[in-house]
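Trainee: Okay, here's the structure, questions in a sec.
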Amino acid sequence: MKQFIGVLTLGGQVDAPGALTAALISPAAAGNVEDGTHSYKVTFVTGVGETEAGTASNVVTVVDKTVNGKITLTNIPVSPSALVTSRKIYRTEAGGSDYKLLTTIANNTATTFTDNVADGSLTSAAPSTNTTTAAGSLADLLAAAGYEGVGAMSTLKFLGTGAGVSVLSSDPDIAAEADGYPIPEAEPGLELPNSGKPWQSGAMYLFSATVGKTVVVAANPIF
């Protein structure tokens with residue numbers, strides 16, 4: 001039975017956000033949001049892709065934009081995932097049902113925004129599929145996890161002590177070395193090749209056949 005050592009998280013899909021809250025600005029002020037009904041959706045953006053549009057907000061009606069034509073957005077969702085680097089807000093045109101890009105918030109912290117944008121300035125349509133799942137090369141997965149300068153990497157470097165065999169696997173119930181990526185010896189600076197197998201996003205579990213053996217993923221590996 002292998003000894004469980006730790007978990008390395010490589011990317012993984014980010015869930016779409018919930019709803020934000022929309023309301024006419026108060027006190028009333030003239031603005032550019034067209035007369036009619038409007039609602040909003042948000043997406044989360046990572047280094048790999050973007051979630052599908054989240055839950056729709058409540059509907060807001062602009063009666064006369066020359067009197068009150070701005071909309072305050074609050075409770076803009078913040079993702080619990082460290083992979084999220086920005087968020088996009090999409091809005092319907094007056095009386096419409098299609099969501100188009102209103103703005104990009106270049107962080108994962110701000111929760112308010114004032115909309116003062118005319119329908120004609122809305123751009124691309126909101127995505128309907130989630131593209132935040134990384135798949136394929138190890139370089140893509142590590143980039144999604146926030147590592148920089150990984151290039152076209154196909155190996156993962158470990159620092160370790162002790163002797164014996166370790167295995168890196170996406171299966172937490174790994175039963176054999178063939179189920180994962182075997183590390184033949186725990187030598188300092190060991191590089192684990194891709195070995196022709198596709199790397200998977202999500203958690204990678206590190207196991208050891210030797211009790212007391214330690215293997216540590218290099219915090220700032222040089223490849």
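The values are calculated or read from the model by the stated rules, or taken from the named source; none is laboratory data. Given the structure is predicted, the values throughout are model-derived calculations rather than measurements. FYI the Cβ positions are ideal-geometry reconstructions off the backbone, even for glycines, and counts take in every protein chain you see.
Trainee: Report whether or not Leu83 is in contact with a strand residue (DSSP E or B) (Cβ under 7 Å, 6 or more places away or on another chain), over 16 Å from Gly18 (Cα atoms) and among the aliphatic types (A, V, I, L, M). Walk me through it before giving the result.
Mentor: Working: in contact with a strand residue (DSSP E or B) (Cβ under 7 Å, 6 or more places away or on another chain): no; over 16 Å from Gly18 (Cα atoms): yes; among the aliphatic types (A, V, I, L, M): yes.
Against the criterion (in contact with a strand residue (DSSP E or B) (Cβ under 7 Å, 6 or more places away or on another chain), over 16 Å from Gly18 (Cα atoms) and among the aliphatic types (A, V, I, L, M)), Leu83 does not qualify.
Trainee: On to the next question. Could you please find all residues in the stretch 47-58 being within 15 Å of Ser128 (Cβ to Cβ) and at pLDDT 95 or above?
Mentor: Answer for the stretch 47-58, where residues must be within 15 Å of Ser128 (Cβ to Cβ) and at pLDDT 95 or above: Glu52, Ala53, Gly54, Thr55, Ala56.
Trainee: Just to verify a result, which residue in the stretch 1-46, among those that are buried (at least 17 other Cβ atoms within 10 Å of the Cβ) and small (Gly, Ala, Ser), is modelled with the lowest pLDDT?
Mentor: For the stretch 1-46, the residue satisfying everything is Gly11.
Trainee: Still on this structure, I have one more. Residue check: is Asn58 touching a Gly at 6+ places or on another chain (Cβ under 7 Å), surrounded by fewer than 19 Cβ atoms within 10 Å (Cβ to Cβ) and closer than 14 Å to Leu24 by Cα?
Mentor: Criteria not met by Asn58.
Trainee: Step by step: first the residues of the stretch 77-99, then only those that are under 16 Å from the mean Cα position of the chain (by Cα), modelled with pLDDT of 95 or more and not in a strand (DSSP E or B), then the one that is surrounded by the most Cβ atoms within 10 Å (Cβ to Cβ). Which residue is that?
Mentor: Ranking the qualifying residues of the stretch 77-99, first place goes to Pro77.
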